[in-house]
Amino acid sequence: MCGIVGFTGCTQAAPVLLDGLRRLEYRGYDSAGVAVFDGERIEMVKASGSVEHLAELTDGGAKLRGTSGIAHTRWATHGAPTDTNAHPHLSENGRFAVIHNGIVENFAALRAELEGEGYVFASETDTEVVAHLLEKYYDGDLKRTVMRTASRLEGSYVLGVLCADEPGRLFCVKEAGPLILGLGVGENYFASDVTALVSRTKNVIYMDDGEFAELTSEHITVFDRTGREITKTVSHVVWDIEAAEKGGYDHFMMKEIMEQPRAVKSTVEPRIRDGKICFEDFDLSRAELESYNKIVITACGSAYHAGMVGKYVIESLCRIPVECELASELRYRDPIIDGHTLLIVVSQSGETADTIAAMRECMGRGAHCLAIVNVVGSTIARLADSVIYTHAGPEIAVATTKGYTTQLAALYLFAVWAAGLLGRIDEARYAGLVSSIRALPSQVQRAIDLNVHVKYLAERWHELKSLFFIGRNIDYAAAMEGSLKLKEISYIHSEAYAAGELKHGTIALIDEKRLVVALCCQEALFDKMVSNIQEVKARGAKVLGLAPEGNRRIFAEADDVLYVPRGEQLFTALPEMIPLQLFAYYIARENGCDIDKPRNLAKSVTVE
Ligand code: AGP
């Protein structure tokens with residue numbers, strides 16, 4: 001969740017750190033802080049509120065002298081988002097500053113121990129124990145001190161450490177959260193995400209759990225848990241800083257909606273050669289694929305919704321049973337998973353804590369794990385046996401758009417590839433599905449072009465207090481995502497229901513104040529959806545219908561209509577999501593919501 005950044009070099013650190021924080025603000029934005037070493041002591045400024053507020057307090061960083069420092073943007077876990085609870089946290093003697101992403105699970109015991117020894121705590125955070133432990137263990141050897149401190153911690157902790165007695169040196173520690181090192185010329189960095197680094201360097205090292213690093217302006221040295229120096233591969237980031245900027249749009253979310261034709265193309269095109277689907281980083285033989293008696297898909301939030309669509313599509317084409325389960329549930333079950341299970345993990349960030357835990361649980365039982373991930377070098381990508389990268393490019397808005405649609409595209413590719421390999425579809429069907437996948441980017445563009453009046457609909461409906469999204473089969477899976485999109489950025493209550501299930505209880509909530517968004521893109525089920533539309537209209541609800549372009553009957557049933565470009569029925573969830581993303585966006589904008597940084601949320605949920 002929180003974003004951390006560290007810099008050591010020969011230029012003033014604070015402006016560099018603030019720039020990094022601005023790019024990490026999607027990870028948490030309730031408070032922010034920066035600490036630099038000014039040649040004598042640690043100078044620190046921190047406050048609740050945004051990074052922009054911190055920039056005002058420090059005059060864009062100009063007020064803080066010093067060429068090495070650490071900075072943090074927070075998503076509160078322990079303690080309210082106050083000035084005092086903001087990071088960095090100082091040791092009692094002021095010689096150490098620490099920033100932290102994660103949760104120190106044994107902090108209560110450590111705090112009691114430290115208080116018993118006379119340490120006085122200033123904040124309610126779990127992180128402050130780290131600052132006091134550093135002071136307690138410091139014996140002139142910073143590396144040994146950091147190791148000793150880390151060995152006392154349980155839980156998840158990615159740490160950045162600044163010490164006033166060690167000018168120009170920073171340490172960072174990784175345990176269960178993202179941490180990337182950046183290699184510059186005469187300056188070096190660490191950060192939670194490459195987006196904080198690409199404006200200064202594209203040469204990065206992805207850290208693994210249990211590792212820690214020492215940074216000076218000239219060197220980066222990485223160590224394993226035992227303190228042994230290790231050699232890490234330097235990777236090159238392929239995208240430019242413009243990809244992580246708004247590019248003229250008011251919000252990252254709108255920019256990312258508009259990027260979807262290109263993003264889906266980037267997922268699809270490299271995987272289709274001479275009409276055949278092939279994955280550069282993933283291959284299974286027919287015998288291996290046949291050895292799996294089921295597929296389990298696990299993920300959280302929107303990625304789980306993509307998995308739900310995947311379940312319908314894979315089962316339909318491959319005739320293999322597919323279970324799709326929330327990672328936060330799967331991790332605490334005793335699942336029936338063994339070497340005959342193919343596990344598919346879906347994650348935009350590749351850092352979601354519940355997804356990682358569920359993945360470890362299933363892999364520990366022998367499952368082969370295929371990860372569908374966007375962020376290159378992320379924890380999930382590195383833990384998995386095989387990876388399909390979605391290549392969506394950096395996604396900054398907290399509400400995922402291109403992250404989700406490219407996950408769908410990757411799942412479609414997998415389903416058609418597996419069905420072909422297993423011989424469950426004939427050549428003509430295979431070829432037809434491949435060309436339908438190739439048509440997805442232009443369908444997405446058409447979905448954007450078709451729906452110029454979504455803004456007008458949003459103006460009409462933005463004062464709603466509650467609404468329902470209904471659909472059947474794949475439309476039901478898409479309804480879940482449409483509903484989540486709306487509620488997370490507009491704060492309007494909405495629920496997704498399988499259309500046939502409404503009458504089993506929830507229809508009691510339908511009245512003339514309710515809008516029901518009816519997803520009717522599964523043509524074989526259109527008549528069934530018409531019955532459900534009539535049921536809610538009979539109780540006074542207004543209906544916004546989504547139907548394939550050219551379907552005239554929907555106008556007789558729904559009060560308003562959004563058209564979805566026609567294409568392969570199995571793949572409708574992808575173009576169908578475009579008007580729903582736009583609907584959520586414009587409603588949130590009408591209501592003056594902070595679209596890119598919705599309240600209480602963070603982009604990457606790296607804590608439980
Ligand atoms: C969706 O808009 C949310 N930001 C959220 O549900 C997200 O999809 C979920 O936290 C999973 O994230 P991941 O794809 O990075 O694992």
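What follows draws every value from the coordinates through simple rules; no lab data is involved. Given the structure is predicted, the values throughout are model-derived calculations rather than measurements. Quick reminder, even Gly has a Cβ in these numbers, built from the backbone with ideal geometry, and neighbours come from all protein chains shown.
Quick look at the values:
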item: Separation of the residue 435 and residue 113 label points, Cα + 7 Å toward Cβ, nm; result: 6.8
item: Cα-centre dipole for the chain with unit charges at Cβ (Lys and Arg positive, Asp and Glu negative), debye to 20; result: 1420
item: Angle between the chain longest axis and helix 474-490 axis [Cα atoms, degrees, rounded to 10]; result: 50
item: Loop-located GluC sites (Glu not before Pro) in the stretch 196-268, at most 13 other Cβ atoms within 10 Å (DSSP); result: 218
item: For the chain, calculated [θ]222 nm from helices alone, where every DSSP H run of n ≥ 4 adds -39500 (n - 2.57); result: -10500 deg cm²/dmol
item: Loop GluC sites (Glu not before Pro), the stretch 117-183 (other Cβ atoms within 10 Å of the site Cβ: 12 or fewer; DSSP); result: 117
item: Förster radius 51 Å - calculated FRET efficiency between residue 233 and residue 549, Cβ distance, rounded to 0.05; result: 0.60
item: Helix 353-364 vs. the chain, principal-axis angle (Cα, 0 to 90°, nearest 10); result: 80
item: Filter on 265/603; 174/265; 232/265; 63/402; 503/542; 311/487 - keep pairs with C-alpha separation over 27 Å; result: 174/265; 232/265; 63/402
item: Label-reachable residues, the stretch 561-578, where backbone N falls under 18 Å from a point 7 Å from residue 453's Cα toward its Cβ; result: 561-566, 578
item: Cβ-derived FRET efficiency at R0 30 Å, residue 276 paired with residue 360, nearest 0.05; result: 0.35
item: Average Cα contact separation per residue, the stretch 1-137, under 8 Å, 6 or more apart, as relative contact order %; result: 26
item: Distance in nm between pseudo-label sites at residue 144 and residue 334 (7 Å out along the Cβ direction from Cα); result: 4.7
item: Largest-first principal axis extents of the Cα set of the chain (Å); result: 76, 56, 43
item: Low-density loop positions, GluC sites (Glu not before Pro), the stretch 447-506 - DSSP coil, at most 15 other Cβ in 10 Å; result: 463
item: Two-site FRET efficiency, residue 428 against residue 319, from Cβ-Cβ distance with R₀ of 25 Å, rounded to 0.05; result: 0.90
